[in-house]
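K.L.:
Okay, here's the structure, questions in a sec.
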Amino acid sequence: LGLHHQELGLSWDQPVPEKLWNRVAEYCGNDVDATIEVFKHTYSDYKARLILADLSGLPINASTKQHAESWLFGNDPRPQDKFIYTDLGEVFEGYKYSYGKSEYMGEDPSEGGYVYAEPGVYEDVVLLDVESLHPHSLIALNYFGPYTPRFAELVKTRMAIKHKDYATARNAFNGQLKPYLENEEDAKSLAFALKIIINIVYGLTSAKWDNKFKHVKNVDNIIAKRGALFMIKLKHE
């Protein structure tokens, strides 16, 4: 942010000579100035948290996980018991997963994210990005069962805001989001608030511990794996 940074260089367990008191005051002043400027710079993040708290009904300092749980599942104490697990071998013929290792079409899709590269120097490279790949895999697999439509509407709304389609976003969730779509700045904060929920969901679906986003059988990280298998199949096609 171009802020002035100043180390004091004094021992914190020793008295400061009076002739250096002004220097200490300047040091403290820099901290105050930096705090104010950082807050201004990240104000949209703070605003997003306010919106998130308003949507979830929880305090602003509740964890992101708690906000997401409340927004998606309401007061259901065990939503994961209603989730749907899909054996990807039934969707992608020939796919195998055994003892923590996967194989498909003679390739290792890996357990984190599929990476394929051919070493060399390339020019005029095209960048293609699948919007919200993991969320759309979750939706396609109906992973959240009865809660999948709500998650799907969340993803659709976030993408609508991203593409400035505010008319669609205003009608989402029975108009609950209208107050946050009066201007572009508020819309950006809302999009960020929704992204916070979407981002935390994927990681927790494949966590090592029981939580409200994880199906008990999902040791294969099927949401990310579906994307990897899709890309492998696409490459072979």
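The values are calculated or read from the model by the stated rules, or taken from the named source; none is laboratory data. Keep in mind the model is a prediction, meaning the values are calculated, not measured. Reconstructed Cβ throughout: ideal geometry from the backbone, glycine too, with neighbour counts over all protein chains shown. Just the protein is used for accessible areas: all its heavy atoms, side chains included, with ligands, DNA and RNA removed. Shrake-Rupley method; radii C 1.70, N 1.55, O 1.52, S 1.80 Å.
K.L.:
Of the numbered conditions (1) closer than 30 Å to LYS101 by Cα; (2) open to solvent by 80 Å² or more (accessible area, probe 1.4 Å); (3) among the basic types (Lys, Arg), LYS225 fails exactly one; give the number of that condition.
P.N.:
The single condition LYS225 does not satisfy is (2).
K.L.:
Looking at the stretch 1-115, what helices (runs of 4 or more DSSP H) fall wholly within it and have at least 2 residues that are of a type in the set (S, T, N, Q) and over 30 Å from ALA140 (Cα atoms)? Steps first, please.
P.N.:
Working: elements: 21-41, 43-56, 64-73, 88-91.
Once the helices (runs of 4 or more DSSP H) in the stretch 1-115 are filtered for at least 2 residues that are of a type in the set (S, T, N, Q) and over 30 Å from ALA140 (Cα atoms), what remains is 21-41.
K.L.:
If I ask for residues that are in a helix (DSSP H, G or I), free of Cβ contacts under 8 Å to residues at least 40 places away in the same chain and open to solvent by 80 Å² or more (accessible area, probe 1.4 Å), which ones from the stretch 116-152 would you list?
P.N.:
The one that is in a helix (DSSP H, G or I), free of Cβ contacts under 8 Å to residues at least 40 places away in the same chain and open to solvent by 80 Å² or more (accessible area, probe 1.4 Å): PRO149.
K.L.:
Could you please find all residues in the stretch 153-167 being surrounded by 13 or more Cβ atoms within 10 Å (Cβ to Cβ) and not charged (D, E, K, R)?
P.N.:
Result: LEU154, VAL155, THR157, MET159, ALA160, ILE161, TYR166.
K.L.:
For the stretch 100-114, state whether one or more residues are open to solvent by 90 Å² or more (accessible area, probe 1.4 Å) and in contact with a helix residue (DSSP H, G or I) (Cβ under 9 Å, 6 or more places away or on another chain). Steps first, answer last, please.
P.N.:
Here is the first cut: in the stretch 100-114, the ones open to solvent by 90 Å² or more (accessible area, probe 1.4 Å) are 101, 103.
Cutting the leftovers down to in contact with a helix residue (DSSP H, G or I) (Cβ under 9 Å, 6 or more places away or on another chain) gives us none.
There is no residue in the stretch 100-114 that is open to solvent by 90 Å² or more (accessible area, probe 1.4 Å) and in contact with a helix residue (DSSP H, G or I) (Cβ under 9 Å, 6 or more places away or on another chain).
K.L.:
Follow-up question, since we're still on this one. Out of the stretch 122-146, which residues are out of contact with any helix residue (DSSP H, G or I) (no Cβ under 6 Å at 6 or more places or on another chain) and either among the polar types (S, T, N, Q) or closer than 17 Å to ALA68 by Cα (or both)?
P.N.:
Of all residues in the stretch 122-146, those out of contact with any helix residue (DSSP H, G or I) (no Cβ under 6 Å at 6 or more places or on another chain) come to 122-131, 136, 140-141, 143.
Selection gives TYR143 alone.
K.L.:
Sticking with this structure for a sec: Within the stretch 205-214, can you find the residues that are out of contact with any Gly (no Cβ under 9 Å at 6 or more places or on another chain) and either part of a loop (DSSP other than H, G, I, E, B) or open to solvent by 20 Å² or more (accessible area, probe 1.4 Å) (or both)? Don't jump to the end; show me each part of the working.
P.N.:
So in the stretch 205-214, the residues out of contact with any Gly (no Cβ under 9 Å at 6 or more places or on another chain) come out as 205-212, 214.
Once the filter is applied, which keeps residues that are out of contact with any Gly (no Cβ under 9 Å at 6 or more places or on another chain) and either part of a loop (DSSP other than H, G, I, E, B) or open to solvent by 20 Å² or more (accessible area, probe 1.4 Å) (or both), the stretch 205-214 yields SER206, ALA207, LYS208, TRP209, ASP210, ASN211, LYS212, LYS214.
K.L.:
Go through ASN199, ASN174 for me and flag whichever is on the phi > 0 side of the Ramachandran plot and either under 15 Å from the mean Cα position of the chain (by Cα) or open to solvent by 30 Å² or more (accessible area, probe 1.4 Å) (or both).
P.N.:
Values: ASN199 fails: on the phi > 0 side of the Ramachandran plot.
When all the criteria are applied, what remains is ASN174.
To keep it simple, each residue is scored yes or no on (1) more than 30 Å from GLY145 (Cα to Cα); (2) surrounded by 14 or more Cβ atoms within 10 Å (Cβ to Cβ); (3) polar (S, T, N, Q); (4) within 19 Å of the chain's Cα centre (by Cα).
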residue	(1), (2), (3), (4)
SER11	yes, no, yes, no
ALA25	yes, no, no, no
ILE36	yes, no, no, no
ILE60	no, no, no, yes
HIS67	no, yes, no, yes
SER70	no, yes, yes, yes
ARG78	no, no, no, no
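K.L.:
Among the candidates ALA172, ALA167, ALA160, which residue alone is closer than 23 Å to GLU185 by Cβ and touching a Phe, Trp or Tyr at 6+ places or on another chain (Cβ under 9 Å)? Quick ask: steps written out before the conclusion?
P.N.:
Working: ALA172 fails: touching a Phe, Trp or Tyr at 6+ places or on another chain (Cβ under 9 Å); ALA167 fails: touching a Phe, Trp or Tyr at 6+ places or on another chain (Cβ under 9 Å).
Residue meeting the stated conditions: ALA160.
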